[in-house]
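Student: Dumping the structure here so I can ask a few things about it.
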Amino acid sequence: MVRGNIMSVTIREQEVLGLLLQGCTNKEIARQLSISDYTVRDHVSSLLRKNQVRTRVELMARCVSVLLPQKNFDPLHL
């Protein structure tokens, strides 16, 4: 994976990704961001596609592997 993929996401995708990394479900993400479940699904699909992965677990693993080495990384404040 190219490191830029994680960084080249929209602000809303960053918010969704942060909540995914906290273990939130689509329904919980939708509630917190005041958007529909379908919109969350679209954002998650976009994140998967941009990072060339198939599952949320793969996405989170890639994010953590890229972001952990960075100084001051806090997955709760993406």
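The values are calculated or read from the model by the stated rules, or taken from the named source; none is laboratory data. As the structure is a computational prediction, the values presented were derived from the model and not from experiment. Glycine gets a Cβ as well: all are built from the backbone with ideal geometry, and neighbour counts include every protein chain shown.
Student: Going through V9, V2 one at a time, which residue ends up being assigned to a loop (DSSP other than H, G, I, E, B), modelled with pLDDT under 95 and surrounded by 15 or more Cβ atoms within 10 Å (Cβ to Cβ)?
Tutor: Only one candidate qualifies: V9.
Student: Looking only at the stretch 16-52, count every residue that is in contact (Cβ under 8 Å) with a residue 24 or more places away in the chain and closer than 20 Å to L68 by Cα and tell me the total.
Tutor: Number of matching residues: 10.
Student: Taking only the stretch 51-61 into account, find how many residues are over 13 Å from L20 (Cα atoms) and either surrounded by 18 or more Cβ atoms within 10 Å (Cβ to Cβ) or under 10 Å from the mean Cα position of the chain (by Cα) (or both).
Tutor: Here the count works out to 2.
Student: Also: Condition test on V66, is it at pLDDT below 90 and in a helix (DSSP H, G or I)?
Tutor: In short, yes.
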